[in-house]
Number of protein chains: 6
Amino acid sequence: MTVCSRNSGESRLERGRRALAEIDGHAGEAVVAALADIAPDFATYLIEFPFGDIYARPGLDLRAREIATIAALTAMGNAAPQLKIHVQAGLNVGLSRAEITEVIMQMAVYAGFPAALNGLFAAKAVFDACPTRGESQPV
Amino acid sequence: MTVCSRNSGESRLERGRRALAEIDGHAGEAVVAALADIAPDFATYLIEFPFGDIYARPGLDLRAREIATIAALTAMGNAAPQLKIHVQAGLNVGLSRAEITEVIMQMAVYAGFPAALNGLFAAKAVFDACPTRGESQPV
Amino acid sequence: MTVCSRNSGESRLERGRRALAEIDGHAGEAVVAALADIAPDFATYLIEFPFGDIYARPGLDLRAREIATIAALTAMGNAAPQLKIHVQAGLNVGLSRAEITEVIMQMAVYAGFPAALNGLFAAKAVFDACPTRGESQPV
Amino acid sequence: MTVCSRNSGESRLERGRRALAEIDGHAGEAVVAALADIAPDFATYLIEFPFGDIYARPGLDLRAREIATIAALTAMGNAAPQLKIHVQAGLNVGLSRAEITEVIMQMAVYAGFPAALNGLFAAKAVFDACPTRGESQPV
Amino acid sequence: MTVCSRNSGESRLERGRRALAEIDGHAGEAVVAALADIAPDFATYLIEFPFGDIYARPGLDLRAREIATIAALTAMGNAAPQLKIHVQAGLNVGLSRAEITEVIMQMAVYAGFPAALNGLFAAKAVFDACPTRGESQPV
Amino acid sequence: MTVCSRNSGESRLERGRRALAEIDGHAGEAVVAALADIAPDFATYLIEFPFGDIYARPGLDLRAREIATIAALTAMGNAAPQLKIHVQAGLNVGLSRAEITEVIMQMAVYAGFPAALNGLFAAKAVFDACPTRGESQPV
């Protein structure tokens with residue numbers, strides 16, 4: 001699955017909004033809303049560059065992109081709110097809980113056990129909050 | 001593709017050696033050899049835990065595992081030798097150069113442009129060194 | 001603005017106390033007080049080296065020094081309490097909210113969007129807590 | 001003090017459980033229990049590799065190993081829960097509060113004052129929670 | 001000094017090219033050229049987002065922006081090539097060597113002495129390579 | 001072993017010079033010399049705060065302090081020159097090669113295998129360069 005079809009008449013902002021809605025759902029909208037009174041331009045950049053430019057590119061499907069993002073945020077270990085959003089995003093684009101858990105566990109090898117543990121507990125918080133999502137896909 | 005079939009009679013070390021050979025090829029063997037006179041036990045742990053335990057797990061195929069590793073090592077930005085080994089490993093398990101490049105580019109969003117740039121140049125060094133590998137797979 | 005005039009008869013500790021009061025205000029005193037029963041010597045080092053030695057140096061004004069500190073703490077992404085203190089310190093030494101917001105937004109380029117987002121939300125918490133400070137200066 | 005005597009008939013998991021109980025006490029068991037419903041295999045790896053393989057090695061006593069771990073977790077600055085567990089573990093294996101405080105203070109040199117400050121406050125939280133432990137040893 | 005006047009008819013790419021040339025000079029062009037055969041789209045993003053969007057914003061002058069960038073790259077400690085480019089960029093936009101040195105020294109407080117030392121040696125390499133630049137401006 | 005006896009008439013700079021010579025030997029002097037023409041004041045700070053203040057404190061012996069430093073620099077993974085200096089410093093203050101190797105191996109648990117591998121190769125470079133030092137102590 002990539003971000004639907006690209007429409008050549010669509011602006012970066014429009015394409016980004018579509019990708020953000022598809023990937024992050026309400027959590028993405030909440031971040032954009034929270035930026036409104038401190039840095040509204042930054043909300044625009046956030047929609048345009050990561051979502052309008054990067055996630056909308058055709059060369060890698062959204063499952064693979066979310067695997068990459070969950071891995072990176074777990075390994076960096078300093079962005080728990082964003083990791084939670086992308087655990088949910090991973091479920092949204094079709095990763096199973098088991099697959100997300102595998103990605104995070106693997107980070108123990110590259111970033112150490114504390115990073116992996118904190119990543120697993122972040123994932124658990126997301127899984128517990130939406131008990132029926134993400135398990136319709138067979139692993 | 002996962003690490004072939006798991007053989008229940010196989011030890012972690014044997015399974016790890018098989019996974020290491022399949023994924024990292026000669027580069028993995030070179031790391032193990034380089035450890036021989038400073039920390040030979042560490043070479044054993046490196047084979048057993050990352051490769052015998054983690055990469056050999058069935059829940060995620062090796063293409064997905066290398067996407068996760070390339071993403072994390074790019075984002076962390078402090079492990080250039082290991083990133084190069086895993087760019088090659090990504091090619092070995094069936095990722096195309098274009099897919100690897102997509103993963104690294106995406107890291108600009110999560111770890112900044114310098115991390116992505118240094119990752120791209122590491123990948124380029126690997127691609128240039130083995131000009132005919134990794135492009136037989138369609139993107 | 002630099003740390004007032006240097007007085008040659010003044011000790012590092014005295015000069016540091018003066019710089020700390022001028023830059024961090026009550027937040028700096030609170031950190032020093034919190035250290036009293038676990039590591040009082042560390043409170044002394046904190047006053048002497050960062051404030052008595054570094055911030056008191058004449059070669060860069062305090063606005064520039066706070067820009068540097070806010071940038072670094074945002075980019076590192078693992079020191080939220082200190083980032084908040086320095087957002088307030090930036091206001092104290094004459095940076096506007098808009099300037100602080102610009103510095104933090106810029107970190108998306110060097111440390112990724114999550115670091116910048118978390119920095120913006122830390123700044124927002126400081127701005128919201130003291131609604132009338134920091135905007136008397138023209139940008 | 002190292003992890004008691006190694007018993008050649010003991011498995012990595014058994015040796016790891018013994019080391020974990022000796023070093024981390026209840027906190028280690030709590031982490032393992034918390035993993036049970038998200039990643040039980042990861043709990044096994046956590047016991048086997050860090051504790052069954054590394055901490056059980058004879059070449060360095062547990063006091064020295066905890067000094068190394070407290071230093072690293074303070075310097076990395078992104079693993080507060082694990083740092084607290086290892087401050088307690090340091091007390092468990094015979095480090096005094098004063099020694100732990102020295103290690104954390106020293107990290108200001110290598111990872112900056114914010115990392116050291118956050119480490120000191122994490123240690124203070126552990127010390128305050130168990131007021132009578134860890135001070136029977138002379139510094 | 002900000003990026004000249006913004007011209008409303010100018011595209012992000014055009015504005016970014018102008019900002020990149022003004023700030024990074026030949027070093028920026030070299031990075032863009034080096035990306036040409038591995039990730040040409042990434043060169044476009046690099047011009048558009050950091051330079052066309054962020055550096056071209058009016059709220060902070062280029063001297064302040066380079067102080068922020070030099071501070072962040074020094075503190076992160078894993079992007080030596082980019083730090084060197086921005087030390088040169090700092091000179092290009094009017095920072096003196098002494099000011100750049102102050103910013104880097106200050107990072108010892110926030111990221112530790114090794115980060116500051118490596119930053120100072122990176123700056124020295126740039127200063128030594130272009131012995132007559134950057135000192136025409138009074139501090 | 002701590003830094004000899006503290007002499008109350010001694011300045012921080014004098015005490016720091018003595019500690020630096022004892023711990024880092026020629027490597028420390030080389031760093032100070034290299035700073036002379038870019039940031040001579042920073043050389044003073046480097047002697048005064050880390051060595052005159054921290055390493056000279058009586059609460060932890062130099063073996064323990066070097067264990068902490070080697071652990072932290074290995075885990076941070078972005079300060080190879082300083083890690084090499086402290087591997088040598090560890091030998092200087094009485095750690096054996098085997099003990100240093102144990103500390104670095106342990107970092108695989110907290111910072112991942114790449115950090116530990118790069119630390120081991122840094123240590124090997126130091127050990128190979130001075131083949132007869134550091135092995136007089138029994139492990």
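For the reader, a short list of remarks on this structure follows.
- Inspection of segment A:115-131 identifies at least one residue that is at pLDDT below 95 and either in contact with a helix residue (DSSP H, G or I) (Cβ under 8 Å, 6 or more places away or on another chain) or assigned by TED's automatic domain parsing to the domain that holds A:I23 (or both).
- Checked against the criterion of being at pLDDT 95 or above and over 25 Å from B:K124 (Cα atoms), segment E:46-53 has at least one qualifying residue.
- Each residue in segment B:69-89 was checked for being farther than 30 Å from E:A75 by Cβ and out of contact with any Ser or Thr (no Cβ under 8 Å at 6 or more places or on another chain), and 1 pass.
- So B:I67, is it at pLDDT 95 or above, hydrophobic (A, V, I, L, M, F, W, C) and in the same structural domain as B:Q106 (by TED's automatic domain parsing): yes
- Tally of residues being within 14 Å of the chain's Cα centre (by Cα) and in a helix (DSSP H, G or I) across segment E:53-96: 28
- Yes/no for C:A43 being buried (at least 23 other Cβ atoms within 10 Å of the Cβ), of a type in the set (A, V, I, L, M) and modelled with pLDDT of 95 or more: no
- Residue list for segment C:21-33, restricted to those being within 14 Å of chain E (Cβ to nearest Cβ) and assigned to a helix (DSSP H, G or I): C:I23, C:G28, C:V31
- Candidate set from segment C:48-82 (those that are more than 7 Å from every other protein chain (Cβ to nearest Cβ) and crowded, with 24+ Cβ neighbours inside 10 Å); member that is farthest from C:E99 (Cα to Cα): C:G52
- Residues of segment A:89-117 satisfying the condition of being more than 12 Å from chain B (Cβ to nearest Cβ), surrounded by 24 or more Cβ atoms within 10 Å (Cβ to Cβ) and not hydrophobic (A, V, I, L, M, F, W, C): A:P114
- Those residues of segment C:34-44 which are more than 19 Å from C:A79 (Cα to Cα) and either in the same structural domain as C:A79 (by TED's automatic domain parsing) or in a helix (DSSP H, G or I) (or both), in sequence order: C:P40, C:D41, C:T44
- Residues of segment E:20-40 classified as touching a Ser or Thr at 6+ places or on another chain (Cβ under 7 Å) and at pLDDT below 95, total: 1
The values are calculated or read from the model by the stated rules, or taken from the named source; none is laboratory data. Fair warning: this is a prediction, and the values are worked out from it, not measured in the lab. Reconstructed Cβ throughout: ideal geometry from the backbone, glycine too, with neighbour counts over all protein chains shown.
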